[in-house]
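Notes follow the structure.
Taken together, the values in this text are just the output of simple stated rules run on the coordinates, not laboratory data. Worth saying up front: this structure is predicted, and the values here are computed from it rather than measured. When we count neighbours, we look across all protein chains shown, and the Cβ atoms used for this are built from the backbone with ideal geometry, even at glycine.
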Amino acid sequence: MTAVITTSGLTKRFGRVTAVDGVDLQVTEGARFGLLGPNGSGKTTLIRMLLGLVHPTAGSMQLLGHAMPRGAAEALPQVGALVENPAAWGHLSGRANLRLLDAAGRGGRVRDRKARVDDALDRVGLGGVDRRPVRAYSLGMRQRLGIAAALLRSPRLLLLDEPSNGLDPRGINEMRELFTELNAAGTTVVLSSHLLAEVEALCTRVGLMDAGRLVLDADLDALRAPTGFVLLRTPDSARAVALLDGRLDGAPVAGSGGDPELRVRHADPGALNAELVAAGVRVTALSAQRRSLEQVVFELTGAGSDRVERARTDAEPVGAPPR
Amino acid sequence: MIGVELRLMVRRRRVWLCWVLLCALPALIAVLLATTRLAPPPGRSGNFLSAVVTNGQLFPAAALALVLPVFLPITVAIVSGDAVAGEASSGVLRYLLVRPVGRLRLLTAKLISVAAYVLLAVLFVTVTSYIVGVAAFGFGPDASLGGGGGVASLSGVVLSPAELLLRTAATVGYLALCMLALGAVGLFFSTLTDSPLAAALGVLALVVTSAVLQPLDAANAIQPYLPTSHWLAWVDLYRDPILWDSVREGIGVQLGYVVVAFGAAWANFATKDITS
């Protein structure tokens, strides 16, 4: 597997604030990579550095095999990006915006421009958009337009910062299907988000940033390994407690579904089920407990930089969130 | 990219508004003069204005003298100050840069679009004021007496319409260069900030500072290098024979401003962190 993104010791300081601190990251071709982290943890700055918008203070990086930012002219035509918010010339229509953006860079046949623009708009569900100026677009429409702009040149790598901003649940689902489809066709998808459910649903690998450092870089499946507990729901909780005495973790908890829930220390849900049923305990729900992404994230990260506590005597300087 | 910038410019309502207002001010004055026939005495008010009433063909020169000190610089400041800062604040700048558009290429395209703006602004003012002037004041008494529409130059010698056209064209070119120098400074300021307003006001501050220093004897040493010093040199183009000295000096200084300001803009923008 070739790497589409490689960084080593990547560091960016804005004055006294270290936004990104010695990040070593590798993303392989064809991956669906989710970049997580609290607000102000350096996700956006990292993405901006990868795109050559922000120049690193130290360290090096390669994008699609080209050293950045020097190789921007070779690497960037194969990258589609959404950085922070979508942006467009407000006085022009969405279609005119994409045409001008397409014309601004080199490459691509002029004759195919209309087809390229129409195709990108169709993909994000804006195919029927009229001549209204972008100024009049809703937040969701702007977001879709931004994603269309990223798709314009059929990129090998999609770098998307918060792609679900402003979209409704159906829109988020649509975009997830679009990204999965593009990924199946060979596009590497890297997205940053603080919506854990979105990352959990889409990504195969996650990187977790906290205070500028990459504190975790692992496959999602490995993170969500079984915890060795089984969650059990039964109306016969008293008999179950008697039967499983010593293997229970805590008392039965009244669940929202009506039946109380028990946490049993057991590696194999199937064997546990057989044992319970043999003893005449009715089982309404049974599943191996997995660590949720949320638990992993909370264990490894602190509060985001948008939470500003009253200063204590030895408080470390609280910087403005690096954008 | 140059084509994209030009297309963006002509589709901005603001740009058209600037052009229309620039043309409207001289037209308003023409109407007032034509209805009242009260020409200002020579030596007061704008250059040429006193001569206009007798010959409409001089009105373009009068119109340029009217918009030059304040209105033209204001619109140049607005348009050039917006060039980079406007797109930085809206966020389009980062999408252009990752498209990718090289930073030098982007800056060059912006300077060219500013140049196109000022050239068209001066040209529009000249053309509309010629039409308005001739319509309001006619070709002058010489025309009715069979003089062929000749115009008296500032030195008193009569210029033929063809010669006048040539001199007006030279004036348009010269003033466009003066305004481009200002535009290049605006472009530089525009790379320093994400606020188009701040960049535009910076340009106006420069114009005002220069205009304040210009008459001061204490500022004699730097006087030739002030941006506004040579703005009125084009008046010499209407003398016969033309006095080239101050025009030539003006061209040198204004070109210097373009080169230095664009160089500074490039030096700042080339390695700037785009965090907007």
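Calculated from DSSP H runs of 4 or more alone, at -39500 (n - 2.57) each and per residue, what is the 222 nm mean residue ellipticity of chain A, nearest 500? Don't skip to the end; give the middle numbers.
Values: 11 runs with 99 residues, N = 323.
Calculated at 222 nm, the ellipticity per residue is -8500 deg cm²/dmol.
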(request) Mind grabbing the base-10 log of I(q)/I(0) for chain A at q = 0.11, 0.12 Å⁻¹? Debye formula, identical points on the C-alpha positions, no solvent, two decimal places. (result) -0.81, -0.90
(request) Give a residue-ordered list of calculated ³J(HN,Hα) values for region A:91-98 (Karplus: 6.51 cos²θ - 1.76 cosθ + 1.60, θ = phi - 60°; whole Hz; x for Gly, Pro). (result) 8, 10, 6, x, 5, 4, 4, 5
(request) Step through the residues of region A:221-231 one at a time and calculate ³J(HN,Hα) from phi using the Karplus curve (6.51 cos²θ - 1.76 cosθ + 1.60, θ = phi - 60°), rounding each to whole Hz and writing x for Gly and Pro. (result) 4, 5, 5, 9, 4, x, 8, x, 10, 10, 9
(request) For A:Lys12, list the lysines whose Cα falls under 16 Å from its own Cα; do not include residues on the same chain fewer than 8 positions away. (result) A:Lys43, B:Lys272
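What's the FRET efficiency of B:Leu197 with A:Ala279 using the Cβ-Cβ distance as r and R₀ = 60 Å, to the nearest 0.05? Walk me through the numbers before you get to the answer.
Values: r = 78 Å, r/R0 = 1.29.
Once the sixth-power term is evaluated, E becomes 0.20.
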(message) Can you list residues from other chains, or at least 5 along the same chain, whose modelled amide H is less than 5 Å from the amide H of A:Phe229?
(response) A:His266, A:Gln289
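Beyond 37 Å, how much of the Cα-Cα pair distribution for the protein assembly as shown remains, as a whole percent?
Details: 93219 of 179101 pairs.
Across the protein assembly as shown, Cα pairs with separations above 37 Å total 52 percent.
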(request) Go ahead and run the numbers for FRET between B:Leu104 and A:Gln289, Cβ-Cβ distance against an R0 of 45 Å, rounding to 0.05. (result) 0.20
(request) For region A:47-62, take each phi angle, set θ = phi - 60°, evaluate the Karplus expression 6.51 cos²θ - 1.76 cosθ + 1.60, and give the result in whole Hz per residue in order, putting x for glycine and proline. (result) 5, 4, 5, 4, 8, x, 7, 10, 8, x, 6, 8, x, 9, 8, 10
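Which residues make up the longest stretch of chain A that has no GluC sites (Glu not before Pro) in a DSSP loop with at most 15 other Cβ atoms within 10 Å?
On the way: sites that count: A:Glu29, A:Glu309.
With GluC sites (Glu not before Pro) excluded where exposed in loops, chain A gives A:30-308 as its longest stretch.
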(request) Give the long-range amide H neighbours of A:Val20: residues separated by 5 or more places, or on another chain, with amide H under 5 Å away, using H modelled in the peptide plane at 1.01 Å from N. (result) A:Lys12
(request) Let me know the charge dipole size of the protein assembly as shown about its Cα centre in debye, to the nearest 20, where only the beta-carbon of Lys, Arg (+1) and Asp, Glu (-1) is charged. (result) 1020
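Given the DSSP H assignment, sum -39500 (n - 2.57) over each helix run of at least 4 residues in chain B and divide by its residue total; what's the result at 222 nm in deg cm²/dmol, nearest 500?
Numbers: 11 runs with 188 residues, N = 276.
Rounded to the nearest 500, the figure is -23000 deg cm²/dmol.
Two decimals is fine: what's Rg over Rh for chain B, C-alpha atoms, Kirkwood radius as Rh? Each step should come with its number before you reach the end.
Details: Rg = 20.2 Å, Rh = 19.8 Å.
Radius of gyration relative to Kirkwood radius: 1.02.
With a cut-off of at most 11 other beta carbons within 10 Å, and DSSP calling the residue loop, which trypsin sites (Lys or Arg not before Pro) in region A:1-110 qualify? Please list them. Walk me through the numbers before you get to the answer.
Details: sites: A:Lys12, A:Arg13, A:Arg16, A:Arg32, A:Lys43, A:Arg48, A:Arg70, A:Arg95, A:Arg99, A:Arg106, A:Arg109; in loops: A:Arg16, A:Arg70, A:Arg106, A:Arg109.
Passing both the DSSP loop test and the Cβ count: A:Arg16, A:Arg70, A:Arg109.
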(request) Quick one: which residues, 5+ away or cross-chain, put their amide H under 5 Å from the amide H of A:Leu82? H built at 1.01 Å from N. (result) A:Leu159, A:Leu160, A:Asp161
(message) To check you understand DSSP bridge types, tell me what percent of the beta bridges within the protein assembly as shown (both residues inside) are antiparallel, rounded to 5.
(response) 70
(message) Over chain A, with a Gaussian network built from C-alpha contacts below 10 Å, which listed residue (A:Ala288, A:Ala96, A:Ala238) shows the highest mean-square fluctuation?
(response) A:Ala238
